[in-house]
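The values are calculated or read from the model by the stated rules, or taken from the named source; none is laboratory data. Note that the coordinates shown come from a computational prediction; the quantities given were computed from them, not determined experimentally. Every residue, glycine as well, gets a Cβ built from its backbone with ideal geometry; the counts of neighbours run over all protein chains shown. With ligands, DNA and RNA removed, areas are computed over all heavy atoms of the protein, side chains included. Shrake-Rupley method; radii C 1.70, N 1.55, O 1.52, S 1.80 Å.
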Amino acid sequence: KGDPIFYKDIGYYVFQRPFYISVSEVLLTFTAFLIFISIFLYAVFYGKFDFYNIKNILKEKSVIIHLISLIMIYFLVKAVTYKFAGEDVLFNRNSSFVGADYVDIKVWLKFYNIIPVILIVDVIVTTLFTLRQKFKQAILTVTVYPVIFIVTTVIASVVK
């Protein structure tokens, strides 16, 4: 009584899922916009149009805390979107059919199920580092997510 992978009713895919995707995409776009506009404004106002002073931004604790907080909010919203990305494997267009192939089920679906947990743990650990004012460790913790994504992409291309 539903699709063979997620066991969801067709009504979910027609009515609920598009709404949830729209809300999550708006939140994701808004947080990404906040991150980029904050970086831009800090660069312009803090540097006072003197590009030699921009590197002093990294010495300001309040700026670093603000930017890390915005990135953590982005990660939390991104964690929610992976639920829908996992469901997107049902709609992949392959050479001879529409649906999930071996790589989608064995690599990407596992990634889409695990990465939200990793992102939430990443947010918690980064927040703890930020509260303890260990900013280098916080920034390193933020880089865990892109590294995992790159490794998964390489694995998927090798399996294919």
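How many percent of the accessible area of the range 13-125 is carbon or sulfur, using a 1.4 Å probe?
Solvent-exposed carbon and sulfur of the range 13-125 make up 71 percent of the total.
So which DSSP H runs in the chain come out at 30 Å plus along the axis (Cα) with average Kyte-Doolittle of at least 0.0?
Correct list, ordered by number: 17-41, 61-87, 109-131.
Mind scanning 110/160; 59/134; 83/110; 78/134; 83/160; 78/160 and naming the pairs with a C-alpha gap bigger than 20 Å?
Violating the 20 Å Cα-Cα cut-off are 78/134; 83/160; 78/160.
Once both labels are modelled 7 Å past Cα along the beta-carbon direction, what's the residue 41-residue 106 spacing in nm?
The answer from the label model is 4.9 nm.
Could you order 70, 119, 58, 41 by accessible surface area, starting with the largest, using a probe radius of 1.4 Å?
The most accessible residue leads, giving 58, 41, 70, 119.
Just want to confirm a number: the relative contact order over the chain, from Cα pairs under 8 angstrom separated by 6+ residues, in percent.
Computed over the chain, the figure is 19 percent.
How big is the accessible area of residue 96 in square angstrom, nearest 10, if you roll a 1.4 angstrom probe over the protein chains?
100 Å²
Working only with C-alpha atoms, what are the Rg and Dmax values of the chain, expressed in angstrom?
Values for the chain (Cα only, Rg and Dmax): 19.4, 63 Å.
Sort 93, 132 from largest to smallest accessible area, using a 1.4 Å probe on the heavy atoms of the protein chains.
Sorted descending by solvent-accessible area, the residues read 93, 132.
Could you compute how much accessible surface residue 46 exposes when probed at 1.4 Å, giving the result in Å² to the nearest 10?
For residue 46, solvent-accessible area is about 80 Å².
In a GNM of the chain with a 10 Å cut-off on Cα contacts, which of 105, 35, 120 has the highest mean-square fluctuation?
105
Roughly how many Å² is the accessible area per residue of the chain, as a whole number, for a 1.4 Å probe?
67 Å²
Taking the Cα centre of the chain as origin, sum charge times position over the Cβ atoms of Lys and Arg (+1) and Asp and Glu (-1), and report the length of that vector in debye to the nearest 20.
480 debye
For residue 143, what accessible surface area do you get with a 1.4 Å probe? Give it in Å², rounded to 10.
For residue 143, solvent-accessible area is about 60 Å².
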